[in-house]
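First up is the structure itself, then whatever we jot down about it.
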Amino acid sequence: LYALHLQSGNLFDVFTQWEAEAGIQNEAWFYSTSFVPSLIAFTERTYSGQNPATRIAAGFYRQVFEQATNAEPNPAGELSLAAGVQLLECEGDIHAILKSFRGSGVAPAESQLARPVIAVVRAMRNGSQVLEFPSVSVEIFRAVQRGWTISEMVHDFRTRGIGVDGFSAEQVALGGVDLLEKKGLLRRTQPLPASEPEPAFY
């Protein structure tokens, strides 16, 4: 809605045009699972060609909606994403795009629109929260999503040189998992060894 308002300058006109396509609906329909995909599809048809940021945002929220309504169980293992947490790949920097929509209204730079990112999305009572994390934290989320154990995560971090200066791969993995669990974004089925001190990558 932010994107459409910025694109058109008049949100009432947006809804008038959308209603002409979707037809007049009763109040209950706006609370149903039909409303969101209808609005996203309208956005993609009508505005995506005019504004790449709007197209990227529409595609991102399509992913959010589809994953939320067709959620699959997390892989069984010692770690998993917490209930309601999604990891989504986006063709552009959705964080920069959303900040531009909610802030000054200045369009994101072309380099940001062309930069793929992975966003963490957490379902909330009245919507979804889009969270931005440093690259090391994203690597932890990806490892958990794959169903890896801590040992597999540490081995991968060592192999690819992922880490934080002054900390071992094991400290980064254990400290990161512990922090993200405290934030309610990950869950584990068994206690992990303490890692002191925790890396400051969060």
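Listed values, structure above:
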read-out	value
Which numbered condition Ala58 misses (of (1) of a type in the set (A, V, I, L, M); (2) within 30 Å of Ala109 (Cβ to Cβ); (3) open to solvent by 60 Å² or more (accessible area, probe 1.4 Å))	(3)
Check on Glu170, open to solvent by 50 Å² or more (accessible area, probe 1.4 Å), over 20 Å from the mean Cα position of the chain (by Cα) and modelled with pLDDT under 95	yes
Residues that are modelled with pLDDT under 75 and touching a helix residue (DSSP H, G or I) at 6+ places or on another chain (Cβ under 7 Å), drawn from region 23-49	Tyr47, Ser48
Given (1) β-branched (Val, Ile, Thr); (2) over 23 Å from Val121 (Cβ atoms); (3) open to solvent by less than 30 Å² (accessible area, probe 1.4 Å), index of the condition Ile140 fails	(2)
Number of the exception - Phe133 against (1) open to solvent by less than 80 Å² (accessible area, probe 1.4 Å); (2) part of a helix (DSSP H, G or I)	(2)
Cross-chain or 6+ apart pairs with Cβ under 9 Å, region 119-130 first and within 19 Å of Tyr31 (Cα to Cα) and in contact (Cβ under 8 Å) with a residue 12 or more places away in the chain, then of a type in the set (A, V, I, L, M, F, W, C) and open to solvent by 60 Å² or more (accessible area, probe 1.4 Å)	Ala123/Ala68; Ala123/Ala83; Ser128/Ala68
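The values are calculated or read from the model by the stated rules, or taken from the named source; none is laboratory data. All of these numbers come straight from a predicted model, not from anything done at the bench. Don't worry about glycine lacking a Cβ; one is built from the backbone with ideal geometry, like all the others, and counts go over all protein chains shown. The accessibility values were calculated without ligands, DNA or RNA, using every heavy atom of the protein model including side chains. Shrake-Rupley method; radii C 1.70, N 1.55, O 1.52, S 1.80 Å.
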